[in-house]
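Throughout, read-outs are computed from the coordinates displayed, never taken from laboratory work. Just so we're clear, the structure is a prediction, and the values are computed from it rather than from any experiment. Cβ sites come from the backbone with ideal geometry, for glycine too, and all protein chains shown count toward neighbours.
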Amino acid sequence: MRMRRFAPLLAAGLFATTIPALAPAQASAATTPEYLRQKPAWHRCDSSQPAAYQCATVKVPLDYRHPEGRKIDLAISRLKTSTPAKRHGVLLLNPGGPGGTGLDLPLLMRGELPEKVAEKYDLIGFDPRGVGLSTPVGCGLTEAEQNWLRPYKRETFAADVARSKSVAAKCRAKAGDLLPHITTRNTARDMDTIRVLLGEKKISYLGYSYGTYLGAVYSQLFPARTDRFVLDSGVDPARAWRGMIQVWASGTEPAFTRWTKWTARRSTQYKLGGTPAAVRKTFYGLVARADRTPIEIDGTKLTGDDIRSARAVFFSVREAAEFVSALKQAADGSRQVRLPAGVLPQQRPAADRRAAGVPDDNGTASFWSVLCGDTAAWPRDPEQYRRDAVRDKARYPLYGDFASNIMPCAFWKKPLEAATPMTVKAPVLTVQNEWDSQTPLASGKGLHRALKGSRMILAEGGVGHGVYLFDRASCANAPVTSYLVTGKLPARDLTCRTAGDGGARVEAPLPKPQPFPAF
């Protein structure tokens with residue numbers, strides 16, 4: 001996941017005060033909305049899980065402008081600290097997305113958090129509104145309609161426009177009453193409702209990927225209730241949301257160039273060329289060859305567009321070299337090579353949401369609900385997308401036409417609210433890997449720049465999406481832990497060096513942060 005239109009300050013203030021600052025015990029029943037007087041009915045989440053891992057479902061307003069109106073479900077979970085004497089408060093967790101479920105995060109992350117952090121907090125998870133067990137949104141989309149990242153081609157553009165228009169129309173027909181309210185601003189308001197229902201004056205927060213934008217919006221709507229916030233792998237508010245897709249293209253080119261240099265120095269091993277220019281020529285030669293006749297590898301036939309869609313692999317130079325080397329061997333006739341797992345988007349299976357009775361397309365539907373409902377900055381003229389795709393294919397040959405092609409937001413209804421302006425001082429901590437494929441460095445720097453008073457920890461040489469807890473070797477882990485324990489921000493921005501050659505990272509046994517997008 002660009003934020004070019006600022007909401008009027010009066011509107012921001014109005015919505016920010018729809019939730020009282022006092023916990024229910026401190027406010028009179030006459031002044032506290034009914035939904036804020038409910039008591040979460042905590043219960044064991046599942047018989048196969050520890051008894052201490054508790055779940056509850058609470059009701060929140062569908063539309064916070066009408067707090068006494070229709071309510072929707074919000075699924076929440078908690079894992080209390082085992083050392084109450086050292087407890088500081090609650091730590092809300094978000095895995096990213098939009099569309100990522102967070103209900104199981106307390107259980108997943110408890111074993112990875114340093115003990116001196118875990119003892120400070122009750123860990124709180126939740127499925128954001130519209131997602132998973134929180135009144136899920138669905139549009140009835142086919143698999144083809146969910147495959148939205150497509151390269152621009154003159155001969156297929158009309159079909160791409162029709163597909164985007166169909167997705168928007170299906171979502172309106174199937175979930176029109178929910179769609180306008182599945183937004184980041186409303187999810188931030190839900191977070192503050194959770195705060196009130198837990199009886200807390202403030203909340204602390206650890207959010208990844210899209211979760212950084214969610215945390216940033218909360219810090220603007222509820223600055224007095226923002227405690228220790230860690231925003232890991234940042235979404236630039238100025239790029240929300242079309243610009244966050246387009247930054248994949250601009251951010252991939254430096255990674256690709258870095259890969260050509262790294263691989264050229266290892267020409268004996270990978271046999272892809274002895275200079276960066278030769279490596280580049282080899283790669284694009286394979287793309288052109290696959291466009292003429294798909295390259296079969298490991299039982300899969302890959303077109304040139306399929307190969308380009310693997311653009312994220314180039315942020316890990318070793319994985320990219322192995323991928324392209326395997327492609328070259330297959331193109332030269334070898335049937336013994338294997339396609340590295342997880343390289344292509346179609347190799348990455350979506351989470352199985354059907355077991356919980358959630359619509360099959362919930363990830364896609366909630367994704368578009370947020371991206372299209374957060375901002376009116378999406379172009380409405382299909383020809384604008386055509387021109388941008390042609391321009392960006394020339395600027396960013398690896399992925400520019402994918403990133404700027406037509407999207408369903410071109411046909412979405414106008415959002416109910418303007419995008420959230422980042423004008424309030426936010427003394428929070430942002431964390432970023434230098435070589436992050438989903439929220440590239442430019443995006444992470446943009447988030448830090450937007451949040452006045454924030455501090456940034458940059459893991460120079462760091463590879464991959466997600467830093468704290470997800471990369472055990474990261475130099476950023478220690479300062480983040482210190483902040484969560486003490487609440488003291490670093491005196492200045494920190495740049496540290498993560499060991500290694502940029503080829504891989506040592507990952508903790510956790511599911512990776514839900515990338516942007518979450519499927």
Quiz prompt | Peptide ranges 222-230, 265-273 listed from the most packed, as the mean C-beta count within 10 angstrom indicates | solution = 222-230, 265-273
Practice problem: Kindly work out what percent of the DSSP beta bridges joining two residues of the chain are antiparallel, to the nearest 5. | Solution: 40
Quiz prompt | Cα centroid separation, the range 116-186 to the range 80-108 (Å) | solution = 24
Exercise. Calculate the length of the line joining the C-alpha centroid of the range 385-427 to that of the range 55-69, in whole Å.
Key: 30
Quiz item: Normalised by the number of residues in the range 223-318, what is the relative contact order in percent for Cα pairs under 8 Å and 6+ residues apart?
Solution: 22
Quiz item: Want the number for residue 300 to residue 42: 0.36 nm per residue separation, take away the alpha-carbon distance, what's left?
Solution: 88.1 nm
Quiz prompt | Per-selection metrics, the range 244-343 (Cα): Rg and Dmax in Å | solution = 12.8, 39
Quiz item: So what is the calculated 222 nm ellipticity per residue for the chain, using -39500 (n - 2.57) for each DSSP H run with n of 4 or more, over all residues, to the nearest 500 deg cm²/dmol?
Solution: -10500 deg cm²/dmol
Quiz item: By per-residue mean of other Cβ atoms within 10 Å, what is the highest-first order of 71-78, 100-107?
Solution: 100-107, 71-78
Exercise. Give the distance, in whole Å, between the Cα centre of the range 206-225 and the Cα centre of the range 271-308.
Key: 41
Exercise. Rank by packing, highest mean first: peptides 190-196, 140-146, with packing defined as the count of other Cβ atoms within 10 Å averaged across residues.
Key: 190-196, 140-146
Quiz item: Hey, what do the phi angles of the range 324-339 turn into as Karplus ³J(HN,Hα) couplings, whole Hz, using 6.51/-1.76/1.60 and θ = phi - 60°, x for Gly and Pro?
Solution: 5, 4, 5, 4, 5, 4, 5, 5, 7, x, 6, 10, 9, 7, 10, 7
Quiz item: Quick one: Karplus J couplings for the range 212-219, per residue in order, coefficients 6.51, -1.76, 1.60, θ = phi - 60°, nearest Hz, x for Gly and Pro?
Solution: 5, 5, 4, x, 5, 5, 4, 5
Quiz item: Quick one: net charge of residue 187's neighbours, Cβ under 14 Å, K/R +1, D/E -1?
Solution: -3
Quiz item: In nm, to one decimal, how far is the modelled label at residue 154 from the one at residue 257, with both set 7 Å along Cα→Cβ?
Solution: 3.0
Quiz prompt | residue 144-residue 63 pseudo-label distance in nm [points 7 Å out on the Cα-to-Cβ vector] | solution = 3.6
Quiz item: Using θ = phi - 60° and the Karplus curve 6.51 cos²θ - 1.76 cosθ + 1.60, what whole-Hz ³J(HN,Hα) does each residue of the range 417-425 get, with Gly and Pro shown as x?
Solution: 10, 6, 5, 7, x, 9, 10, 8, 4
Quiz item: Does the range 138-250 come out rounded, prolate or oblate by the C-alpha gyration tensor, with a ≥ b ≥ c the root eigenvalues, rounded set by a/c under 1.5 and, if not, prolate when a/b is larger than b/c and oblate if not?
Solution: oblate
Quiz prompt | Full-extension gain in nm, residue 177 to residue 416, via 0.36 nm per residue minus C-alpha separation | solution = 84.8 nm
Exercise. Go through (1) 50, 26, 22; (2) 49, 22, 21; (3) 39, 27, 21 and flag the label whose value is the computed semi-axes √(5λ) of the Cα gyration tensor in Å for this structure.
Key: (3)
Quiz prompt | Amide H within-cut-off set for residue 494, under 5 Å, with H built and near neighbours excluded | solution = 456, 457, 458
